[in-house]
1. Once you compute Rg and the Kirkwood Rh from C-alpha atoms, what is the Rg to Rh ratio for segment 139-284?
2. Straight-line reach from K193: which aspartates and glutamates have Cα under 20 Å away, leaving out those fewer than 8 places along the same chain?
3. Please compute, for the alpha-carbon atoms of segment 124-165, the extent along each of the three principal axes and give them in descending order in Å.
4. Name the shape class, rounded, prolate or oblate, that the alpha-carbon gyration tensor gives for segment 1-130, where a ≥ b ≥ c are the square roots of its eigenvalues, rounded holds for a/c under 1.5, and otherwise prolate holds if a/b is larger than b/c and oblate otherwise.
5. State to the nearest 20 debye the size of the charge dipole of the chain about its Cα centre, where the only charges are +1 on K and R beta carbons and -1 on D and E beta carbons.
6. Let me check against my output: what whole-number percent is the relative contact order of the chain, with C-alpha pairs under 8 Å and at least 6 apart?
7. If I compute solvent accessible area with a 1.4 Å probe over the protein chains, what percent of it on segment 12-115 is carbon and sulfur?
8. Mind checking which of G125, A74, A95 is farthest towards the positive end of the chain's charge dipole, using Cβ charges of +1 (Lys, Arg) and -1 (Asp, Glu) about the Cα centre?
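The values are calculated or read from the model by the stated rules, or taken from the named source; none is laboratory data. Here the structure is a predicted model, which is why all the values come from computation and not from measurement. In this analysis, Cβ positions are derived from the backbone assuming ideal geometry, glycine residues included, and neighbour counts consider all displayed protein chains. The protein model used for the area step is the full one, side chains on, heavy atoms only, and it has no ligands, DNA or RNA in it. Shrake-Rupley method; radii C 1.70, N 1.55, O 1.52, S 1.80 Å.
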Amino acid sequence: MAQTMIGVIGGSGLYEIDGLQDAAWQTIETPWGPPSDAILTGTLGGVPMAFLPRHGRGHVHSPSSVPYRANIDALKRLGVTDVISVSACGSFREAMAPGDFVILDQYIDRTFAREKSFFGPGCVGHVSVAHPTCPRLSDACERAARDAGITVHTGGTYLAMEGPQFSTMAESKLYRESFGCDVIGMTGMPEAKLAREAELCYASTAMITDYDSWHPDHGSVDISDIIATLGTNADKGRDLVRRLPALLGTGRAPCPHGCDRALEYAILTAPGHRDPALVARLDAVAGRVLG
Ligand SMILES: CSC[C@H]1O[C@H](OP(=O)(O)O)[C@H](O)[C@@H]1O
Ligand SMILES: Nc1ncnc2[nH]cnc12
């Protein structure tokens, strides 16, 4: 059986995790440039772990400047099999209140200023993201959240916006009423798409910090309110992460949903027409199928 390695991408407010044995910050180079920061590696309950702060320690990356491809490549390169994103977000639902967590299962991608694929001219690949998150990993996150006493909602649609400004009230109402979204954030895409291209199981726990700007009783998004909620949410996020190794175990059966085989038939460019430079860059992400 393959070995589980858990990767955690910590969002706003979550810049490190504690309790790792043999903890060390490792600098990883990738063909897509440097990741957001060094990666904290170690073991928890005997399971190898890797933690990457999405915005870097000190929060240096904006949602548009996060090096999404380098981050996913670096985790894959380290041997990560399962990626958990922990992300701050606004809520479009009365019942999804600040302090609650949502285990996401769908996205609407409205970002426009980011590199969204590892593939391109010289190596064209198409993966399905109809179901962008891994149900097996999402179930483990939900179990961990419940065990930690967190109020958690199963399933939710995330509107990924470019930012960095928050939405206008008209946009907020559009996303809530016409698009049917449940939460909003700035980083869930293209991260989820890239994890699928890299054949990684991916789950996202959205930590609600605010009601965005549609809510008649809550007015505009206020960053100082968000920061106040981020601290307690981050503590809950760390508690959730601590519980994952026991739930996932050290041995890993193939993903029943096929996340770890997403590239099996995805690459259309004939071997003789592939760009050797791009194929070389894809060594970690697609080496399994490119050889
Ligand atoms: C702190 S408010 C806006 C900021 O927070 C979220 O980041 P992340 O998803 O990395 O937790 C949101 O997407 C924005 O980038
Ligand atoms: N209301 C909101 N919109 C976009 N990103 C967010 N992150 C936290 N709250 C948010």
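1. Details: Rg = 19.3 Å, Rh = 18.4 Å.
Reported Rg/Rh, Kirkwood definition of Rh: 1.05.
2. Output for K193: D73, D82, D105, D109, E115, D139, E162, D182, D260, E264, D283.
3. The Cα atoms of segment 124-165 stretch 43, 31, 13 Å along the principal axes, largest first.
4. Working: a/c = 1.44, a/b = 1.05, b/c = 1.37.
Rounded shape, in that the Cα axes give a/c under 1.5.
5. Numbers: 25 positive and 33 negative charges, 151 e Å.
Computed charge dipole of the chain: roughly 720 debye.
6. 26 percent
7. 49 percent
8. Working it through, the farthest residue towards the positive pole turns out to be G125.
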